[in-house]
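Encoded as structure tokens, the structure appears first; notes follow it.
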Amino acid sequence: MTNPNSKNVALVTGASSGIGAVYADRLAARGYDLILVARRADRLEALCAQLSKAHGIKAEAISADLTKDQDLARIETLLATNGDVRVLVNNAGIARLGPAAQTSADDAQSQIALNITALTRLTQAALPAFVARNQGLIINIASALAVHSLPISAIYSGTKAFVLQYSRGLQQELAETGVKVQLVLPASTATELWDLSGVPLAALNKNTLMTTEHMVDAALAGLDQGETVTWPSVADATLWEKYDAARSELFANTQAGTPAPRYKIA
Ligand SMILES: NC(=O)c1ccc[n+]([C@@H]2O[C@H](COP(=O)([O-])OP(=O)(O)OC[C@H]3O[C@@H](n4cnc5c(N)ncnc54)[C@H](OP(=O)(O)O)[C@@H]3O)[C@@H](O)[C@H]2O)c1
């Protein structure tokens, strides 16, 4: 039996653990060949071997630190030149949670470099070929914290707010093309991110935690249903519509050209 996706490649960043590893599995199950990117080569190679065997696909592991310019440039080149890449999952991300005044410059910088700069540069590298082919899918993993800041998440929330606005802008630019951008905003998901973030996973309320499998399967179900913005844990989908309508109304009201009457400027 021929596999309809046999020449289609999905590149998943941050595939060595957590959400990215499940994306790799689910995309392999859908017949995609894989390019898996993260720093831990041993984990990537083990996952590649497991998924090639389980799903009969080709999988390549590429060790890269996406906060390092040279490594990022290698993956940009690959995306710009490998015409088989049909799907880019921008999943690699880190959180370093704590009051901003106590956050080191390195911790601030690494969150911005990975969550914003790498995601943007990889997307920009993939887009020209996707647009030229009028086909392609970019899945950007943001966070529920894209619309919410906690006293310990000012920088992380800021990086994810960027992912939200960048993805929404791209969706408008690409609306008339065959290139899709899905924005995914997970809430707490049980992964290694937490212990590395400074807030241990064990400290979270278990009732608010989703498994990685549920998170990714819900996000892919949303994709299959044609969603462009997916909130995997939000039961009432109209909440996003209301939020977005309020945002749009607020923006329209900024276009007045005069100070608001409450400022009493003559
Ligand atoms: N877990 C949650 O509650 C949650 C909620 C909302 C959104 N998210 C988002 O989901 C995405 C995936 O995170 P996760 O929860 O699955 O965490 P995770 O298990 O820690 O996975 C993070 C992935 O990013 C990779 N990574 C980290 N630093 C990197 C670097 N400098 N260069 C390249 N790859 C790097 C890690 O691999 P290496 O260490 O091998 O490089 C790992 O594969 C992130 O964007 C995160 O912000 C998570």
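Here are some notes:
- Of LYS7/LYS68; LYS7/LYS53; LYS180/LYS206, those spanning more than 24 Å from alpha-carbon to alpha-carbon: LYS7/LYS68; LYS180/LYS206
- With both labels modelled 7 Å from their Cα along Cα-to-Cβ, the GLN135 to ALA54 distance reads 2.7 nm.
- Three-way shape label, the chain, alpha-carbon gyration tensor, a/c 1.5: prolate
- About its Cα centre, the dipole of the chain is roughly 260 debye, where the only charges are +1 on Lys and Arg Cβ and -1 on Asp and Glu Cβ.
- Sites listed here are GluC sites (Glu not before Pro) in segment 157-219 whose DSSP assignment is loop and whose Cβ has at most 12 other Cβ atoms within 10 Å: GLU176, GLU192.
- Sequence-separation-based contact order of segment 9-236, relative, with Cα cut under 8 Å and 6+ spacing, percent: 18 percent
- If both residues of a DSSP beta bridge must be in segment 137-235, then about 0% of such bridges are antiparallel.
- Working from label points 7 Å from Cα in the Cα-to-Cβ sense, the ALA46 to GLN102 distance is 3.4 nm.
- Dipole magnitude for segment 1-127: computed about the Cα centre from +1 point charges on Lys and Arg Cβ and -1 point charges on Asp and Glu Cβ, it is near 340 debye.
Throughout, read-outs are computed from the coordinates displayed, never taken from laboratory work. These numbers come from a predicted model, not from an experiment. With ideal geometry, Cβ positions are generated from the backbone for all residues, glycine too; neighbour counts draw on all protein chains shown.
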